[in-house]
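The values are calculated or read from the model by the stated rules, or taken from the named source; none is laboratory data. Worth saying up front: this structure is predicted, and the values here are computed from it rather than measured. A quick note on method: Cβ atoms are made from the backbone with ideal geometry, for glycine too, and the neighbour counts reach across all protein chains shown. These area figures cover heavy atoms from the full protein model, side chains too; ligands, DNA and RNA do not enter into them. Shrake-Rupley method; radii C 1.70, N 1.55, O 1.52, S 1.80 Å.
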Amino acid sequence: MRLSRYFLPILKETPAEAEIVSHRLMLRAGMIRQQAAGIYTWLPLGLRVLDKIGKIVREEQNRAGAIEILMPTVQQAALWKESGRYEDYGQEMLRITDRLDREMLYGPTAEEVVTDVFRSYVRSYKDLPLNLYNIQWKFRDERRPRFGVMRGREFLMKDAYSFDLDYERATEAYRRMFVAYLRTYARMGLTAIPMKADSGPIGGDMTHEFIVLASTGESQVFCHKDLLDLPIPGADTDFQGDLKPIIDQWTSLYAATEEMHDEAAFAAVPADKQVTARGIEVGHIFYFGTKYSEPMGAKVAGPDGVERPVHMGSYGVGVSRLAAAVIEASHDDAGIVWPEAIAPFQVGLINMKPGDAACDATCAELYATLGKAGVEVLYDDTDTRAGAKFATMDLIGLPWQLICGPKSLAEGKVELKRRATGEREVLSIADALVRLGVTA
Ligand code: P5A
């Protein structure tokens with residue numbers, strides 16, 4: 001992408017309303033624009049990040065055996081009356097009436113809708129296990145939307161729903177999601193710790209929140225320090241196999257949110273291993289059994305022919321919140337430092353002197369070569385002063401900056417800067433390409 005033809009509305013001023021660093025940086029880097037309290041437009045750079053997060057989430061859900069669908073944002077109140085949650089949900093629910101005066105709502109979650117889909121088609125245990133997920137916008141009329149997309153009113157969530165014949169099998173489904181979550185966050189460069197949590201309005205008694213430690217986090221959490229260094233299950237994890245040993249490893253060490261905190265149990269953790277910190281909830285998984293299937297009549301016949309309500313769990317990832325969480329975890333004074341996996345582009349190519357024949361030709365060639373090799377490049381071909389170009393590249397945080405100026409080009413060299421470390425190397429064009437993973 002040529003910057004001269006892109007839409008990257010960088011802000012020079014630090015927006016006064018933004019209280020935390022990720023919100024400031026997302027506004028300044030032209031990733032998002034607030035349209036109303038807690039409601040945002042995702043600008044091109046932000047959308048690229050959102051899509052990359054979604055892609056990782058999708059890959060890991062698919063790997064764990066979940067199947068993607070797409071449910072509507074607007075739901076019928078009638079379904080929520082069946083489950084008994086319509087009144088309970090209170091002011092957080094955005095209630096809408098259509099032209100025929102039917103009660104509708106903008107979905108804050110989709111347990112009811114997915115249960116309705118399930119009961120329409122599935123009758124037998126032979127069709128289980130089943131896990132259906134979607135990545136869809138949700139609306140919660142939060143009392144205090146704040147911190148940008150971290151706590152929005154409209155936000156993007158991955159929500160998966162598992163269906164099983166009994167508690168045992170539902171536990172296995174829960175474990176598959178648990179492991180998929182560990183992998184999902186690790187791929188984004190995050191350490192997200194599964195913590196004992198409160199199930200809130202979703203309900204159920206087996207539930208974990210996945211929490212990224214950050215001083216600006218909204219949750220108070222307590223955990224064992226060793227959880228920060230546990231190995232993440234590999235890509236070769238057998239999701240059909242026994243995942244209990246992995247789960248046990250994670251759940252045998254103390255980790256709890258404030259609501260579930262147990263002072264006495266925490267005191268048993270060696271003092272030098274006790275971590276008391278703030279955290280960002282980037283995911284939340286629940287097993288709630290027959291809470292929805294029973295009132296909504298979602299039943300399956302077992303091998304004995306007897307029908308029973310299906311056992312369910314639901315599994316949420318805060319997709320839009322993750323964009324902010326990654327920035328909280330990875331930035332410096334100059335701006336964002338994207339991990340490779342979710343960077344909007346891999347390389348920022350900087351032409352130091354547009355109009356200079358050698359600079360233009362070399363940049364055009366690098367841009368084409370990298371593009372052909374599948375490396376995503378943002379090419380700054382604009383006629384801006386060098387200082388501003390560097391500042392913009394640092395602000396938007398692409399992993400690599402490839403700098404072409406007349407001086408080094410006279411010697412056939414370009415400069416390559418690693419954003420994360422600030423390390424700079426003067427290299428031949430061929431070597432620079434190799435460093436970026438492109439071989440001739
Ligand atoms: C699980 C999937 C649920 O809604 N039902 C379907 C269950 N869980 S949850 O914990 O309430 O939400 C899941 C994740 O969504 C993110 N999230 C938010 N992100 C941005 N702004 C918000 N206002 C917001 N509310 C929830 C969190 O990451 C949460 O873990």
In order over the range 398-405: 3J(HN,Hα) from phi, Karplus 6.51/-1.76/1.60, θ = phi - 60°, whole Hz, x for each Gly or Pro, gives 5, x, 10, 10, 10, 10, 10, x
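Calculate the dipole size of the chain relative to its Cα centre from +1 charges on Lys and Arg beta carbons and -1 charges on Asp and Glu beta carbons; express the result in debye to the nearest 20. Provide the component values of the computation, followed by the final result.
Numbers: 52 positive and 62 negative charges, 242 e Å.
Computed about the Cα centre, the dipole is about 1160 debye.
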With the label point 7 Å along the Cα-to-beta-carbon line of Thr41 and a cut-off under 17 Å to each amide N, the hits in the range 145-169 are 149, 154
Per the rule of 0.36 nm per residue minus the C-alpha distance, extending Asp248 to Ile96 adds in nm 50.3 nm
Of the convex hull drawn through the C-alpha atoms of the chain, the volume per residue in Å³ is 172 Å³
If each part is reduced to its alpha-carbon centroid, the range 366-387 and the range 73-120 end up apart, in Å, by 47 Å
Full extension between Gln274 and Asp229 adds, at 0.36 nm per residue less the Cα distance, a length in nm of 14.8 nm
Excluding ligands, DNA and RNA, the carbon-plus-sulfur percentage of the accessible area of the chain with a 1.4 Å probe reads 49 percent
Computed about the Cα centre, the charge dipole of the range 110-221 from +1 Lys/Arg and -1 Asp/Glu charges at the Cβ has a magnitude in debye, to the nearest 20, of 420 debye
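Determine the per residue accessible area of the chain with all protein chains present and a 1.4 angstrom probe, expressed in square angstrom.
Values: 19480 Å² over 440 residues.
Per residue, the chain has 44 Å² of solvent-accessible surface.
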Taking alpha-carbon centroids only, the range 201-239 lies from the range 244-292 a number of Å equal to 7 Å
Karplus ³J(HN,Hα) for the range 308-318 (6.51 cos²θ - 1.76 cosθ + 1.60, θ = phi - 60°; Hz, whole; x = Gly/Pro) runs 8, x, 6, 8, 10, x, 9, 9, x, 10, x
In the chain, taking the dipole from +1 charges on Lys and Arg beta carbons and -1 charges on Asp and Glu beta carbons about the Cα centre, the listed residue (Ala267, Val377, Gly397) farthest towards the positive end is Val377
If R0 = 30 Å, then Thr191 and Glu258, at their Cβ-Cβ distance, give a FRET efficiency to the nearest 0.05 of 0.95
The whole-number value in µm²/s of the Stokes-Einstein translational diffusion coefficient for the range 53-202, with Rh from the Kirkwood sum over alpha carbon pairs at 37 °C and 0.692 mPa s, is 193 µm²/s
A correct Karplus calculation of ³J(HN,Hα) over the range 129-139, with 6.51 cos²θ - 1.76 cosθ + 1.60, θ = phi - 60°, whole Hz and x for Gly and Pro, returns x, 9, 9, 10, 9, 8, 10, 8, 5, 10, 10
Spelling it out for Tyr89: with amide H atoms placed in the peptide plane at 1.01 Å from N, the residues 5 or more places away or on another chain with amide H under 5 Å from its amide H are none
Relative contact order as a percentage, the chain, C-alpha pairs under 8 Å and 6+ apart, gives 17 percent
Normalised per residue, the volume inside the convex hull of the alpha-carbon atoms of the range 207-347 in Å³ amounts to 197 Å³
Once the mean of 1/r over all distinct C-alpha pairs in the range 127-181 is inverted, the Kirkwood radius in Å reads 13.2 Å
Computed D for the range 140-227, Stokes-Einstein, Kirkwood radius over alpha-carbon pairs, 25 °C, 0.890 mPa s, to the nearest µm² per second, is 161 µm²/s
Expected sort for 319-331, 229-241, 193-205 on mean C-beta neighbours within 10 Å, highest first, is 319-331, 193-205, 229-241
